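Have a look at the structure below, then the notes.
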Amino acid sequence: MSEQEVKNLEEIFEARIARDEKIEPKDWMPEKYRKTHIRQISQHAHSEIIGMLPEGNWITRAPSLRRKVALLAKVQDEAGHGLYLYSACETLGISRAELYEQLHSGKAKYSSIFNYPTVTWADMGAIGWLVDGAAIINQVPLCNTSYGPYARAMVRVCKEESFHQRQGFEIMLSLCNGSEEQKAMAQDALNRWWWPSLMMLGPVDAESVHTEQSMKWKLKRKTNDELRQQFIDQTVPQAELLGITVPDPDLKWNEETGHYDFGEIDWDEFWQVVKGHGPCNKERMDARVNAWEEGTWVRDAAMAHAEKKNIKVAKAS
Amino acid sequence: MKNENLYNYILGIADNSLILGQRLGELCGHGPNLETDIALTNISLDLFGQTRSYYQYAAQISGGGKTEDDIAFLRMERQYKNVLLVEQPNAHFGFVLGRQFLFDVYHLLLMEKLQSSSDETLVAIAKKTIKEVSYHERFSSDWVKRLGDGTDESNKKMQEAIDGLWPYTDELFQLTEADRIMVSDGIGVDVSKLKKDYLKRVSEILKEATLKIPESKYFQKGGKEGIHSEHMGYLLADLQYMQRSYPNMKW
């Protein structure tokens, strides 16, 4: 293809996106669009899979049968999200094995929030309420993103996430309506999860390397700082309703802007965790790699069995 | 308690679902691939769903404001009536699927018969449960075949699991005191009569899986009477942790 031909295709492509048309797997797309989408969708899929671990940590210890069933179902939903996001990613011409390899080798990233430990039952509430809350704010705009398979996967993901968020809030509400010990547990969880949740919305705009291109492709509709403000404005009144205190002495309603002002985020901590040195980075990665390696013989057996069956069918016909 | 035998009979069935559900719950997020992870979580969810139906009924029989959670979390180890088979650890995936298979075949036969109980609530639970258990049995049988007739390594591992779990199968067919009374009242199933069909079905699958049927004539028992393996205490420590650490709270 000549340079001029590529340029023409690119112009047609950009015009389609401008008209809000969906790009489908078989459509022509610039290489950079393909790569950016593989990066983002796989990162998202990996986050779902790694995200199963901190909550999975409490399945065997959930305090009631009702809570146990709800938690199991929630973690299973995350596996489901991982599954259809990996499938969406595979439509861009990369295999699941390659995607896993990128995760296990540390080449691919996942949401840093899952590198924090879940130390009490209240963390199941705080994760649902805050982490899923922040995820929804990040993800709702993606239901309209330009790449068709991703946009469609996100419609379903968002529906389930909003259910998870209500479930998390409801756990917090039970704790806050409970004994002093339970309320203290809820406050402690908010203290530990608040700042990492704000970091989840990504680095400040000035330091976000992908924002500009992603906005153009509608892979992003609002900047990180806008999303963070939206999260804070939405969450502070919910904390008030629960009767627990957001751990930020600088948090204050600003009449003029119509938003909450908030304190400085510890970006050094953010980058430390992103770079692999958070409290549980190693545990999370080890758990994934172990599951994969210990499962090798099972996957090999399934392949070998299917092969044997095919041969039998071929012989019979 | 007026209906103590019925209460004990229900727990004898329900505790198997609780303990096996708990074992499968340990695996969530650690399966060999996403599809099996999701499927095993599904089975765990079904088992906990059944547990709740049974315990809610048992709580009602027991009276005195007892709840499903009191029954699930606040008994001593000696009061759990599950068979030894379901408390066996997740040693490797062969054991997980082998344990599931050896239990599912029994569970399916039990639910078929429980549908003819004279107790309406148990019939209703059995009718709902049998749909779930048919799926479990198909899933675990398919995997036993896959792993048995897969690679040399998987065949060895699956055989190791079946051999290791086999001594716990005979207990499934033993009757407790509560079982005997409930059988004579037309409520309970005589599980000793399920053994023949069980061995037939299990043998068929193992044969298809190119696995050997264990020849051992030595079996273990005790779970139904509350005498469990050393694994059970740790399982319960996890299960009961919150209820024991924070008594009398709502969650």
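One table, with the values for the structure above:
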item: Sorted largest first, extent of chain B alpha carbons per principal axis (Å); result: 56, 42, 32
item: Helix-only [θ]222 nm of the protein assembly as shown, DSSP H runs n ≥ 4, -39500 (n - 2.57) each, per residue, nearest 500; result: -21500 deg cm²/dmol
item: Mean Cβ neighbour count within 10 Å, used as a protection proxy, ranking B:39-49, A:118-128, A:243-253 highest first; result: A:118-128, B:39-49, A:243-253
item: Label-point gap, in nm, between B:Q60 and B:D197 - each point 7 angstrom along Cα→Cβ; result: 2.7
item: The stretch A:23-117 - accessible surface per residue (Å², probe 1.4 Å); result: 33
item: Where labels lie 7 Å past Cα in the beta-carbon direction, separation of A:D20 and B:R138 in nm; result: 4.3
item: Restricting the stretch B:5-112 to GluC sites (Glu not before Pro) in coil, as DSSP defines it, with at most 12 other Cβ within 10 Å; result: none
item: For residues of A:171-182, the mean tally of beta carbons on other chains within 10 Å; result: 2
item: Computed FRET value (nearest 0.05) for B:N248 with B:E225, which takes r as the C-beta separation and R₀ as 35 Å; result: 0.70
item: Modelled FRET efficiency - R0 45 Å, B:S116 with B:E153, Cβ distances, 0.05 increments; result: 0.55
item: Segment A:V313-A:E207, length gained on full extension (0.36 nm per residue, minus Cα span); result: 32.3 nm
item: Between the stretch A:212-283 and the stretch B:189-229, the alpha-carbon center distance in angstrom; result: 57
item: Largest-first principal axis extents, alpha carbons of the protein assembly as shown, Å; result: 81, 69, 39
item: Computed Kirkwood radius, in angstrom, where 1/r is averaged over Cα pairs of the stretch A:101-148; result: 13.1
item: Angstrom value of the Kirkwood radius, inverse mean 1/r, which spans all Cα pairs in chain A; result: 21.5
item: The stretch B:92-251 - accessible surface per residue (Å², probe 1.4 Å); result: 49
item: Extended-chain gain in nm, criterion 0.36 nm per residue less alpha-carbon gap, A:S179 and A:E293; result: 36.6 nm
item: Kyte-Doolittle mean at least -1.0, axial Cα span of 24 Å or more - DSSP H helices of chain A; result: A:31-56, A:65-90, A:148-176, A:180-200, A:224-242, A:296-316
item: Label-point separation in nm, A:E256 to A:E160, each point 7 Å along Cα→Cβ; result: 4.5
item: Using alpha carbons only: equivalent-ellipsoid semi-axes of the stretch A:162-317, gyration tensor based, whole Å; result: 43, 24, 17
item: Residue-averaged beta-carbon neighbours from other chains (10 angstrom radius) around B:140-148; result: 3
item: Estimated buried accessible area (total), pair B and A, 1.4 Å, Å² to nearest 100; result: 4000
item: FRET efficiency for A:V236 and B:R180, using Cβ-Cβ distance with R0 set to 45 Å, rounded to 0.05; result: 0.10
item: Of A:K35/A:K222; A:K68/B:K250; A:K308/B:K145; B:K131/B:K212, those spanning more than 19 Å from alpha-carbon to alpha-carbon; result: A:K35/A:K222; B:K131/B:K212
item: Peptide-level mean, for A:53-61, of C-beta atoms on other protein chains within 10 Å; result: 5
item: For the stretch A:1-138, Kirkwood radius (reciprocal of mean inverse C-alpha pair distance, Å); result: 17.3
item: Convex hull volume per residue for the stretch A:207-299, taking Cα atoms only, in Å³; result: 206
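The values are calculated or read from the model by the stated rules, or taken from the named source; none is laboratory data. This is a predicted model, so every value here is computed, not measured. Please note: Cβ atoms are built from the backbone with ideal geometry, for glycine as well, and neighbour counts cover all protein chains shown. Note: areas computed on protein heavy atoms with side chains; ligands, DNA, RNA excluded. Shrake-Rupley method; radii C 1.70, N 1.55, O 1.52, S 1.80 Å.
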